[in-house]
Amino acid sequence: MPKASETTLEIDLGALEHNFDYLKSRLESSTKFLAVVKAFGYGGDAERIARKLETLMVDYFAVAYGSEGVGLRNAGINTPIIVLHPQPVNFDILIDRCLEPCLYSARILKKFLKAAVEKGQKSYPVHVKFNTGLNRLGFWENDIDFIAERLEGREELKVVSLFSHLAASEDEKERGFTLNQIENFKKISREFDEKSHFETFKHILNTSGIINYPEAQFDMVRSGIGLYGFSNDPEIDKQLKPVVTLKTVISQIHRIEPNESVGYNRKFTSDGYRITATLPIGHADGIGRQYGNGKTHVSVNGKKALIIGNVCMDMIMIDITGLDCKEGDEVVVFGKHPSAEDFATTANTISYELLAGISQRARRVIIGD
Ligand SMILES: *Cc1c(COP(=O)(O)O)cnc(C)c1O
């Protein structure tokens with residue numbers, strides 16, 4: 001592994017392949033696999049990650065917004081791409097770049113149909129999303145007649161899949177609720193297929209769904225966080241490899257006298273002689289203020305060092321008293337130890353938020369290809 005000489009987000013495509021293979025090994029060989037690469041590939045590098053997964057024959061990609069899909073097409077990705085949360089202002093661009101929208105409401109269906117008519121489309125692939133309990137995005141069961149009537153005899157659009165999203169697939173206490181969502185989805189799917197002429201495939205599972213409800217894998221699964229090395233289950237996490245490691249370096253070391261303070265608003269005051277290191281990473285890079293003031297560790301030459309004082313925009317200070325290190329040395333913010341999940345937990349959040357929040361300022365370095 002290359003040593004960092006500045007703040008670097010290292011992206012291990014070998015680990016990505018390992019996670020992809022592992023998740024696939026838990027599924028039927030006929031089940032299609034959709035890789036979720038929204039939000040820059042959960043903060044990594046969507047284009048490099050998608051290119052790697054395309055060589056591994058992934059079946060679909062999903063992004064949240066149209067612009068993310070355009071980025072993938074510009075990077076040469078030819079695999080089908082679902083846009084999970086499209087906005088009407090971008091429908092022409094979606095069609096121009098062969099991006100497949102999720103239709104989630106009457107407004108979206110009508111507007112996308114209109115765009116497809118205006119652009120002279122035939123059998124343009126779309127995916128219909130149903131709300132089965134998350135109450136976020138999707139048609140309701142009693143919208144089926146509306147959808148079927150609107151699309152009957154229209155050759156512009158072709159519904160290729162029906163899907164839904166689980167609200168609590170990682171939470172064993174919500175098993176009853178989840179099973180009910182799955183049953184609802186089955187019922188909705190049956191009714192839709194009876195009332196329309198489309199031949200649709202079905203999907204409902206995210207990563208935790210793959211782990212906890214494999215019996216509901218239907219025709220495809222949609223995995224994001226698992227590909228990046230996390231599963232919301234510590235036992236399963238042992239089988240996965242973290243794809244990204246956030247590294248930085250020690251810019252400067254200070255010797256602090258008793259009762260001196262460190263950082264803005266003097267939030268840290270020393271109770272004795274301390275040695276601190278200043279690192280070139282801050283809340284503008286995605287390490288928010290919630291990680292400051294003695295809650296979270298980073299790793300300096302394999303040893304834990306606490307983040308002290310307020311996190312600044314471009315810097316954090318850590319306590320390296322007693323640690324063997326010097327200016328210019330590499331610091332691992334998160335990766336294997338601490339993991340992104342452990343790091344996030346110290347501030348009561350989850351790996352998803354931490355990973356997706358690492359800003360574009362951190363230089364991306366690809367390894368393991
Ligand atoms: C983000 C997202 C996923 C991926 O979920 P993970 O928990 O990261 O696997 C799947 N489906 C939809 C609709 C999503 O928005």
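The values are calculated or read from the model by the stated rules, or taken from the named source; none is laboratory data. These figures come from a predicted structure and were not determined experimentally. Cβ coordinates were reconstructed from backbone atoms using ideal geometry, including for glycine residues, and neighbour counts include every protein chain displayed. Side chains included, ligands, DNA and RNA excluded: accessible areas come from the protein's heavy atoms. Shrake-Rupley method; radii C 1.70, N 1.55, O 1.52, S 1.80 Å.
Okay, here's what the table says:
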| read-out | value |
| --- | --- |
| Efficiency of FRET from Cβ geometry, Thr345 and Ile275, R₀ 35 Å, rounded to 0.05 | 0.85 |
| Rh (Kirkwood; distinct C-alpha pairs) - the range 31-228, Å | 17.0 |
| Translational D in µm²/s for the chain (Stokes-Einstein at 25 °C, 0.890 mPa s, Kirkwood Rh from C-alpha pairs) | 110 |
| Diffusion coefficient, µm² s⁻¹, Stokes-Einstein with Kirkwood Rh over alpha-carbon pairs of the range 35-115 at 37 °C and 0.692 mPa s | 260 |
| DSSP beta bridge pairing in the chain, given as percent antiparallel to the nearest 5 | 45 |
| Protein accessible area in the chain, 1.4 Å probe - carbon and sulfur % | 48 |
| Inter-site label distance for Glu141 and Ser30 at 7 Å from Cα along Cβ, in nm | 2.7 |
| Above-threshold pairs, the threshold being 32 Å between Cα atoms, out of Lys110/Lys241; Lys111/Lys241; Lys158/Lys186; Lys122/Lys202 | Lys110/Lys241; Lys111/Lys241 |
| Within the range 298-327, backbone nitrogen closer than 18 Å to the virtual label 7 Å beyond the Cα of Glu6 toward Cβ | 313-316 |
| Compactness relative to 2.2 N^0.38 Å, alpha carbon Rg of the range 282-369 | 1.06 |
| Cβ-defined net charge surrounding Asp45, 12 Å radius [Lys, Arg +1; Asp, Glu -1] | +1 |
| Per-residue [θ]222 nm for the chain (sum of -39500 (n - 2.57) over DSSP H runs n ≥ 4, rounded to 500) | -8000 deg cm²/dmol |
| Heavy-atom accessible area per residue - the chain, 1.4 Å, Å² | 45 |
| Spin-label model distance (nm) - Met57 vs Glu183, 7 Å beyond Cα toward Cβ | 3.8 |
| Estimated Rh, the range 184-296: Kirkwood, alpha-carbon pairs, angstrom | 19.2 |
| Estimated inter-spin distance, Glu215 and Asp314, nm [label 7 Å along Cα→Cβ] | 5.7 |
| Residue-span extension gain [Gln290 to His197] - 0.36 nm each, minus C-alpha spacing | 28.3 nm |
| Gained length - Arg154 relative to Arg255, 0.36 nm times residue gap less alpha-carbon distance | 29.0 nm |
| Listed residue (Tyr264, Ile281, Tyr352) projecting farthest to the positive dipole end of the range 244-367, Cβ model | Tyr352 |
| Full-extension gain in nm, Asp369 to Ser67, via 0.36 nm per residue minus C-alpha separation | 106.1 nm |
